[in-house]
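Visitor: I have a structure I would like to understand better, so I am pasting it below and will then ask my questions one at a time.
The values are calculated or read from the model by the stated rules, or taken from the named source; none is laboratory data. These numbers were taken from a predicted model, which means no experiment stands behind them. Cβ atoms come from the backbone with ideal geometry, glycine included; neighbour counts cover every protein chain shown.
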Amino acid sequence: MPTAVNTATYAAVPIGTVPTTLTINGETRTRAIEPWTTLLDLLREGEDLIGTKKGCDHGQCGACTVLIDERRINSCLKLAVTLDGADITTIEGLGQPGDLHPLQSAFCNHDAFQCGYCTPGQICSAQGLINEGKAKTRDEVRELMSGNLCRCGAYSNIVDAVLDVIGEQA
Amino acid sequence: MNRFDYARPASVAEAVQAGAGEQVRFLAGGTNLIDLMKENVDRPTTVIDINRLPLNAIEELDGGGLRLGALVPNAETAWDARVEQRYPLLSSAILAGASPQLRNAATNGGNLNQRTRCYYFYDVATPCNKREPGSGCGAIGGVNRIHAILGASDQCIATHPSDMCVALAVLDATVQVTGPEGDRAIPIADYHRLPGDEPWRDNTLKPGELVTGIDLPAEDFTQTYTYLKLRDRLSYAFALVSIAVAMRVEDGTIAEARVALGGVAHKPWRSTEAEKLLKGQHPSPQAFGTFADALLAGAVGQGENDFKIPLARKGIVRALKQAAEATPQSQTDKRVA
């Protein structure tokens with residue numbers, strides 16, 4: 001029989017929630033999660049990791065991009081309960097003030113943002129792009145960063161920043 | 001999003017058992033279903049999380065084909081070395097769609113089963129025969145720039161939004177499904193359907209049936225092919241018109257040509273009758289134009305989408321030229337060769 005989640009094996013778990021274990025930025029935690037909670041809402045409201053941004057909430061803007069098992073994903077379209085056992089990296093896990101990730105430094109050096117709202121998603125997406133290893137040229141970076149909108153229009157500097165880091169790692 | 005019961009079956013048999021019931025939905029990548037639930041277009045009472053089922057591999061088939069597991073992400077499929085080498089048309093079409101993040105989450109089965117992006121289907125404040133049978137169609141006489149020019153009915157003019165499925169139509173893929181009555185195989189041409197007087201049915205799946213995989217027969221369209229996608233933005237936009245072509249050219253003449261269109265109908269649009277017009281022809285704008293007219297026979301505009309008819313005609317001619325010359329459209333460098 002399928003796992004009957006409403007009669008969960010954990011007696012202490014509130015009715016209707018699903019015990020879910022996630023490793024977020026290296027820290028493993030188990031939570032009782034309502035199944036309709038998106039990963040985005042869990043991160044922002046449950047875990048107080050507000051670096052990940054809610055833009056459109058419909059998978060159209062990329063502001064909510066995080067890495068799940070090193071792959072970039074729109075966290076607004078993932079139910080957290082479906083990710084039991086996953087390893088999640090948010091912008092907070094990539095770098096911190098004083099210990100910036102190379103992409104964060106490159107975004108600063110290239111003035112790759114204005115308002116900054118899309119930036120955590122841009123940087124997580126760029127890390128996913130680097131993990132995929134498919135983008136080498138400017139055209140390829142432009143195409144494979146197309147899932148992240150920037151309403152300030154910092155695109156050309158974003159591409160410069162990403163190319164910079166790809167070049168350093170080549 | 002409405003509240004629902006959540007189940008995570010461990011086997012396909014358990015999933016099928018749990019899948020019985022009208023308001024039960026299988027959840028895979030979630031990129032379409034979660035969105036529809038947020039919009040209140042879909043309000044399942046039970047969500048069956050199928051992500052742990054063993055349908056996540058790409059396997060060799062006897063005879064040289066490939067089986068694409070229903071749960072393999074679109075990105076993994078497009079970048080699989082076997083798919084890239086043997087079915088570059090499929091890789092190209094997948095990479096023309098959505099965004100890298102969406103392709104990482106969206107699965108092959110989910111791509112087949114995604115719903116239309118018709119504005120009226122998505123807006124619960126408007127009538128839509130697909131969402132609410134009998135309520136009417138807002139798109140007919142309404143805002144219909146993205147809508148169908150072929151195979152529509154007086155009840156629905158929605159289009160199927162997939163790029164992947166347009167390539168699958170050309171590759172003569174077969175959809176493997178399982179359900180309460182057992183396993184069956186559905187040719188891709190019979191999988192999606194035209195709206196007719198039952199526009200709420202996107203495809204020919206029976207209640208409770210689950211897609212398990214997509215079979216690709218052995219084919220040799222590794223040079224003379226193309227996927228040309230025409231849209232409002234160069235990336236991350238649905239097709240206004242897209243054209244998939246697979247061709248065999250022998251001694252300067254076309255031995256076989258297959259063409260399917262996306263963005264123009266409730267299913268990938270293909271006519272094997274019209275394709276006979278290309279057989280034995282020398283590649284030429286005249287031959288391509290004659291074929292385009294045949295494939296587009298019966299096309300009807302709805303007002304705002306009238307432009308799609310001449311756009312499709314020109315796109316077909318251009319795509320056939322790309323395929324014949326073995327210069328497939330790059331999905332990175334957007335210049336149309």
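Visitor: Quick one: would you say residue B:70 is under 26 Å from residue A:85 (Cα atoms) and more than 11 Å from chain A (Cβ to nearest Cβ)? Outline the logic, then answer.
Guide: On the way: under 26 Å from residue A:85 (Cα atoms): yes; more than 11 Å from chain A (Cβ to nearest Cβ): yes.
The answer is yes for residue B:70.
Visitor: If I filter the range B:269-285 for residues that are assigned to a loop (DSSP other than H, G, I, E, B) and within 16 Å of the chain's Cα centre (by Cα), do I get at least one hit?
Guide: So the first thing to find is which residues in the range B:269-285 are assigned to a loop (DSSP other than H, G, I, E, B), and the list is B:271, B:276-284.
Those left that are additionally within 16 Å of the chain's Cα centre (by Cα): B:271.
Within the range B:269-285, one or more residues are assigned to a loop (DSSP other than H, G, I, E, B) and within 16 Å of the chain's Cα centre (by Cα).
Visitor: Here is a follow-up. List the strands (runs of 3 or more DSSP E) inside the range B:153-242, counting only whole elements, that have at least 2 residues being β-branched (Val, Ile, Thr).
Guide: Per the criteria, B:174-179, B:210-216.
Visitor: Being surrounded by fewer than 16 Cβ atoms within 10 Å (Cβ to Cβ) and within 14 Å of chain A (Cβ to nearest Cβ) narrows it down to one of B:333, B:306, B:293, so name that one.
Guide: Selected residue: B:333, the only one of B:333, B:306, B:293 that is surrounded by fewer than 16 Cβ atoms within 10 Å (Cβ to Cβ) and within 14 Å of chain A (Cβ to nearest Cβ).
Visitor: Failed condition for residue A:139, given (1) in contact with a Cys (Cβ under 6 Å, 6 or more places away or on another chain); (2) within 14 Å of another protein chain (Cβ to nearest Cβ); (3) surrounded by fewer than 18 Cβ atoms within 10 Å (Cβ to Cβ), with all others met?
Guide: So the condition that residue A:139 fails would be (1).
Visitor: Check whether at least one residue in the range A:88-95 is in the same structural domain as residue A:41 (by TED's automatic domain parsing), touching an Asp or Glu at 6+ places or on another chain (Cβ under 7 Å) and farther than 25 Å from residue A:151 by Cα, and report yes or no.
Guide: Taking every residue of the range A:88-95 in turn, none turns out to be in the same structural domain as residue A:41 (by TED's automatic domain parsing), touching an Asp or Glu at 6+ places or on another chain (Cβ under 7 Å) and farther than 25 Å from residue A:151 by Cα.
Visitor: In this structure, does residue B:29 turn out to be among the small types (Gly, Ala, Ser) and surrounded by 15 or more Cβ atoms within 10 Å (Cβ to Cβ)?
Guide: Against the criterion (among the small types (Gly, Ala, Ser) and surrounded by 15 or more Cβ atoms within 10 Å (Cβ to Cβ)), residue B:29 qualifies.
Visitor: Further question on the same structure: Go through B:22, B:39 for me and flag whichever is away from chain A (no Cβ under 12 Å), within 23 Å of residue A:36 (Cβ to Cβ) and under 25 Å from the mean Cα position of the chain (by Cα).
Guide: Among B:22, B:39, only B:22 is away from chain A (no Cβ under 12 Å), within 23 Å of residue A:36 (Cβ to Cβ) and under 25 Å from the mean Cα position of the chain (by Cα).
Yes or no, residue by residue, for (1) part of a loop (DSSP other than H, G, I, E, B); (2) touching a residue at least 24 places away in the same chain (Cβ under 8 Å); (3) touching a strand residue (DSSP E or B) at 6+ places or on another chain (Cβ under 8 Å):
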position: B:31; (1), (2), (3): yes, yes, yes
position: B:41; (1), (2), (3): yes, yes, no
position: B:47; (1), (2), (3): no, yes, yes
position: B:53; (1), (2), (3): yes, yes, no
position: B:56; (1), (2), (3): yes, no, yes
position: B:59; (1), (2), (3): no, no, yes
position: B:64; (1), (2), (3): yes, yes, no
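Visitor: For the range B:270-302, which positions are farther than 24 Å from residue B:171 by Cβ and hydroxyl-bearing (Ser, Thr, Tyr)?
Guide: Residues satisfying the conditions are B:284, B:290.
Visitor: Could you say which residue among B:228, B:234, B:261 is at pLDDT below 95 and under 27 Å from residue A:139 (Cβ atoms)?
Guide: Result: B:234 is the single residue among B:228, B:234, B:261 that is at pLDDT below 95 and under 27 Å from residue A:139 (Cβ atoms).
Visitor: Another one. When you go through B:216, B:210, B:234 one by one, which is the residue that is under 30 Å from residue A:60 (Cα atoms), in contact with a Gly (Cβ under 8 Å, 6 or more places away or on another chain) and not β-branched (Val, Ile, Thr)?
Guide: Result of the check over B:216, B:210, B:234: B:210.
Visitor: What about residue B:254, is it closer than 30 Å to residue B:121 by Cβ, surrounded by 14 or more Cβ atoms within 10 Å (Cβ to Cβ) and aliphatic (A, V, I, L, M)?
Guide: Judged against the criteria, residue B:254 is not a match.
Visitor: Are any residues in the range B:102-143 in a loop (DSSP other than H, G, I, E, B), in contact with a strand residue (DSSP E or B) (Cβ under 9 Å, 6 or more places away or on another chain) and away from chain A (no Cβ under 14 Å), and if so, which ones?
Guide: B:118, B:127, B:129, B:130, B:135, B:136, B:138, B:139
Visitor: Among A:112, A:80, which is the only one that is crowded, with 24+ Cβ neighbours inside 10 Å and either more than 12 Å from chain B (Cβ to nearest Cβ) or without any contact (Cβ under 8 Å) to a residue 24 or more places away in the chain (or both)?
Guide: A:112
Visitor: Looking at the range A:1-27 only, could you name the residues that are loosely packed, with under 12 Cβ neighbours inside 10 Å and either closer than 13 Å to residue A:83 by Cβ or at pLDDT below 95 (or both)?
Guide: Listed by number, the residues that qualify are A:1, A:7, A:9, A:10, A:11, A:12, A:14, A:15.
Visitor: In the range B:282-290, is there at least one residue being touching a helix residue (DSSP H, G or I) at 6+ places or on another chain (Cβ under 7 Å) and surrounded by fewer than 15 Cβ atoms within 10 Å (Cβ to Cβ)? Show your work before the answer.
Guide: The first filter runs over the range B:282-290 and keeps only residues touching a helix residue (DSSP H, G or I) at 6+ places or on another chain (Cβ under 7 Å), leaving B:283, B:285, B:288-289.
Now narrow it down to the ones that are surrounded by fewer than 15 Cβ atoms within 10 Å (Cβ to Cβ): B:285.
Looking through the range B:282-290, at least one residue is touching a helix residue (DSSP H, G or I) at 6+ places or on another chain (Cβ under 7 Å) and surrounded by fewer than 15 Cβ atoms within 10 Å (Cβ to Cβ).
Visitor: Whether any residue in the range A:36-52 is hydroxyl-bearing (Ser, Thr, Tyr), under 26 Å from residue B:46 (Cα atoms), within 11 Å of chain B (Cβ to nearest Cβ) and in contact (Cβ under 8 Å) with a residue 12 or more places away in the chain is what I want to check.
Guide: Taking the range A:36-52 and keeping what is hydroxyl-bearing (Ser, Thr, Tyr), we get A:37-38, A:52.
Of the ones still in play, those that are also under 26 Å from residue B:46 (Cα atoms) are A:37-38.
Filter once more, so that each one left must be within 11 Å of chain B (Cβ to nearest Cβ): A:37-38.
In the following step, the residues that additionally are in contact (Cβ under 8 Å) with a residue 12 or more places away in the chain were identified as A:37-38.
Yes, some residue in the range A:36-52 is hydroxyl-bearing (Ser, Thr, Tyr), under 26 Å from residue B:46 (Cα atoms), within 11 Å of chain B (Cβ to nearest Cβ) and in contact (Cβ under 8 Å) with a residue 12 or more places away in the chain.
Visitor: Could you check how many residues of the range B:210-234 are of a type outside the set (A, V, I, L, M, F, W, C), touching a helix residue (DSSP H, G or I) at 6+ places or on another chain (Cβ under 9 Å) and touching a residue at least 60 places away in the same chain (Cβ under 8 Å)?
Guide: Summing the residues that are of a type outside the set (A, V, I, L, M, F, W, C), touching a helix residue (DSSP H, G or I) at 6+ places or on another chain (Cβ under 9 Å) and touching a residue at least 60 places away in the same chain (Cβ under 8 Å) in the range B:210-234 gives 10.
Visitor: Looking only at the range A:143-157, count how many residues are assigned to a helix (DSSP H, G or I) and either surrounded by fewer than 21 Cβ atoms within 10 Å (Cβ to Cβ) or more than 14 Å from chain B (Cβ to nearest Cβ) (or both).
Guide: 3
Visitor: Among the residues that make up the range B:74-95, is at least one of them outside any helix (DSSP H, G or I), without any contact (Cβ under 8 Å) to a residue 40 or more places away in the chain and within 12 Å of chain A (Cβ to nearest Cβ)?
Guide: Yes: the range B:74-95 contains one or more residues that are outside any helix (DSSP H, G or I), without any contact (Cβ under 8 Å) to a residue 40 or more places away in the chain and within 12 Å of chain A (Cβ to nearest Cβ).
Visitor: Further question on the same structure: Does the range A:98-106 contain any residue that is buried (at least 22 other Cβ atoms within 10 Å of the Cβ), of a type in the set (A, V, I, L, M, F, W, C), in contact with a helix residue (DSSP H, G or I) (Cβ under 6 Å, 6 or more places away or on another chain) and within 14 Å of another protein chain (Cβ to nearest Cβ)?
Guide: Within the range A:98-106, not a single residue is buried (at least 22 other Cβ atoms within 10 Å of the Cβ), of a type in the set (A, V, I, L, M, F, W, C), in contact with a helix residue (DSSP H, G or I) (Cβ under 6 Å, 6 or more places away or on another chain) and within 14 Å of another protein chain (Cβ to nearest Cβ).
Visitor: Now for a separate question. Please work out if residue A:160 is away from every other protein chain (no Cβ under 14 Å), farther than 25 Å from residue A:50 by Cα, out of contact with any Lys or Arg (no Cβ under 7 Å at 6 or more places or on another chain) and of a type in the set (Asp, Glu).
Guide: yes
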